[in-house]
Every structure is written in C-alpha cells, then in structure tokens.
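Since the structure comes first, as structure tokens, the remarks are kept for the end.
Please treat every number below as a calculation from the coordinates, not as lab data. Since the structure is predicted, the reported quantities are computational estimates derived from the model, not experimental observations. Cβ coordinates were reconstructed from backbone atoms using ideal geometry, including for glycine residues, and neighbour counts include every protein chain displayed.
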Amino acid sequence: MIVDVIKASELIRSGEVVALPTETVYGLAADASDVVAVQKIFDLKQRPADNPLIVHIANTLQAETLANTNHALFLKLADAFWPGPLTLVLPKKPQVLDIITAGLDTVALRMPDHPKTLSVIKEAGPVAAPSANRSGRPSPTRPEHVTDDFNDDLPVVDGGACTIGIESTVLDLSGDVPTILRPGKITAEEIEDIISKKVLHDSPDKDQLRRSPGTRYSHYKPAASVKWMSSPVKRKLHRSDSLYIYHTITPNVSQDNVVNFDGNYEEFARSLYDLYRMADKKHCSHIFIEPFPKTTRSPILPALLNRVQRSVSQ
Ligand code: TXA
Ligand code: MG
C-alpha cells in the first residue's frame, strides 16, 4: 500500500512499520524509541534477534541523543558524507533500546540521502530500519520488491528506484582503529582522505563475528545458482533457462536474459538485486557472471564484488 510522507510519519509515530526509500536500498522503518514497534520489524522480516539494526537520523542533533558523538572522527565523517551511504558505529547512549543493538554497547547510525525519508525522520524522529526484504531475499531497490516480499497491507513510501542499489558502507568507530565492517559506495580511500588515517578492513580471520554480527548470516543466494563464467569469450550459446551478466565483453546476441553493463559498474551495482529477483521470478537455473579482471578499476567495485562473491554457489 503506497502512502505519502505525512501518512508515513503518522503511522511511525503510532507504532507501525513503514517501508521507506533510501539512496542504497529500501528500509523497513519503525520508531527507534518504541520497543514494540521495533519488535514488529524482527517479526515481519523473520530476522534473528542477534543481528542489530541501523538507526536512521535526519540531523546530527538526533545523532547526539543516540550515541557518543564526541568521537574525534565523527564530525569530519558526518560533514563529508552525510546525508549519504555511510553508516557509523559508535558507543551508544544508555537510552538506545537493546533490541536495536542486539545487546551490544555500540549503535550504528546513518543519515540517508533521500528527501522523502529525511522528511519522515524529521517529523517522526529516528527510525530503526534494516533493508526491507524478508530475511534470505535480496535487498529491495524498487517499491515493488518490497510488496513482492510482504503483504500489500504494508505501507510503502514510493521513492522510485534506488540510485546506488547496494547497502551502505559500515564503518566501526568504536575501537582503536576505524574498521570497515561492510564495503559500500563510500570507499576506504575516500574515508582515509577525510580522516588522514588508515582504516582496517574486517575479514573472516579477524574477530569478525563479534564486530559485525550481520556477516555471520548466510547472505542471500538466489534460487538460481550464481556462477562465475568459466570462459567468458563471446559465447554463441546462451541457454534460455539462465541469466548471463557481462561487463567488459559485448555478446553478439540480443536476448533479454543476456545483459551487458559495458564497463558501467555503477549501473551494474544499481541493477544487481533487481536482476537476481528477475532470475528467481523466471525460475532460472543459473546466473553466469563474467569475472572481474584484476585491472578493472571503479570505486563501487569492492562493494559490488563483495555482494556477488557472497551469492556465488561453491
Ligand atoms: O544501506 C543500508 O545500510 C540499508 C538502508 C536501509 O539504510 N540498511 C541495511 O540494513 O543494509 P541491514 O540491517 O540489512 O544491515 C545492517 C548491517 C548488518 O550487517 C548489521 O549486523 C550491522 O549493519 N550493524 C548494525 N548495528 C551494528 C553494530 N552496533 N555493530 C556492528 N554492526 C552493526
Ligand atoms: Mg539486509
């Protein structure tokens, strides 16, 4: 059910859950100060209780009510990248609900770059919001993805197609060294330029399970098995029961199951989850993706590669 910004704010204030657009993916939002409302998000998504939620804010005053924003790097990063696709993990204030942080002593904050959602949050206050997909489905990048996953009774603010298409960069500022827990559109290099300091990248051999609870859950895998193309030469044969995604090679065919991003990795990232959902709707058996050559350079690439790698079948 599509609702406008005013209705969405009213619903959130009265303890309901509403799907809101952001520049990355749609979020499933509830009043961050209402434990019953936030519990509804976990129930709707069937999300494990030990996977914490990002709190979305509309200004830094709201951030101060939730986290210790005296951190030396916080203002620099917020100034440079908010509103935008960067989530900052900070020591939390006592009033932040345990259900949001899954009992951690930190809270993840983000100011999304979407005018409709910023209006809702200004009006209704900070909202806890994970991606608005049922757990185990790809993040939604269009309003119809949200209604595909949930009952049509769920209120959705229509913000059109998301411009980035993959989830925000998550940067943990709560330890000694700033650490990227999840790569996104904002790169390590961009962050290092602003803070004049090196950042770490979380990896499975580090203490990842403690630091980045979300990464312990198996990422969405389409029903189709995702494979790297083994010989991505200009194929003549494209099976009709599979989806083929190219980005450097131009296939000599015009079939709607053969997609070519022609070096436009921003467009590839924007379309990835939409293509996965399309392949599932068409009951594709495989999704073949052209491997990324080592020489490929694009700021979105680390994040795109991360999402593709996590969906590839072994
Ligand atoms: O772009 C995005 O970030 C989207 C839009 C809706 O804002 N949201 C999103 O939320 O991707 P979600 O819940 O699907 O992913 C949030 C990630 C999870 O991996 C979670 O574990 C991590 O952020 N996270 C949340 N709070 C945390 C905390 N206190 N410490 C470490 N990681 C945290
Ligand atoms: Mg998610």
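FRET efficiency for the D98 to R13 pair, using the beta carbon distance and R₀ = 30 Å, is estimated at 0.85. Full extension of the chain segment joining I194 with N59 gains 46.6 nm, where the gain is 0.36 nm per residue of separation less the Cα-Cα distance.
As a quick test, which of the pairs K40/K122; K76/K122; K7/K282 have an alpha carbon distance above 27 angstrom in this structure? Walk me through the numbers on the way to the answer.
Numbers: K40/K122 22 Å; K76/K122 22 Å; K7/K282 35 Å.
Violating the 27 Å Cα-Cα cut-off are K7/K282.
Note on region 95-183: Cα Rg divided by 2.2 N^0.38 Å, N the number of residues, gives 1.23. Here K116 is the anchor, and the aspartates and glutamates within straight C-alpha reach of less than 13 Å, apart from those fewer than 8 places off in the same chain, are D4, E23, D158.
Here region 1-30 and region 134-193 have alpha carbon centers that stand 15 Å from each other.
By the equivalent-ellipsoid construction on the alpha carbon gyration tensor, the chain comes out with semi-axes of 33, 23, 17 Å, ordered largest to smallest.
Please compute, over every Cα-Cα pair in region 225-303, the percentage with a separation greater than 17 angstrom. Don't skip to the answer; put the middle values down first.
Details: 1305 of 3081 pairs.
For region 225-303, the share of Cα pairs beyond 17 Å comes to 42 percent.
Sorted from fewest to most neighbouring beta carbons within 10 Å, what does the list F268, F288, F74 look like? Please report the intermediate quantities before stating the final value.
Values: F268 26, F288 22, F74 19.
Least to most surrounded, the residues fall as F74, F288, F268.
Packing around the peptides 270-281, 119-130, taken as the average count of other Cβ atoms within 10 Å per residue, puts them in this order, highest first: 119-130, 270-281. Straight-line cross-link reach from K45 at under 15 Å between alpha-carbon atoms covers these aspartates and glutamates, not counting any fewer than eight positions away in the same chain: E16, D148, D149, D152, D153. Note: relative contact order over region 9-117, using C-alpha pairs below 8 Å and six or more positions apart, is 31 percent. Rounded to the nearest 500, the 222 nm mean residue ellipticity of the chain from helices alone is -8500 deg cm²/dmol, with -39,500 (n - 2.57) taken per DSSP H run of at least 4 residues.
Summarising the amide proton neighbourhood of L200: residues at separation of 5 or more, or on other chains, whose placed amide H is nearer than 5 Å comprise T179, I180.
Using the alpha carbons of region 1-117, what is the convex hull volume per residue in cubic angstrom, as a whole number? Write down the numbers at each step before the final one.
On the way: hull volume 12.0 nm³, N = 117.
Convex hull volume per residue, Cα atoms: 102 Å³.
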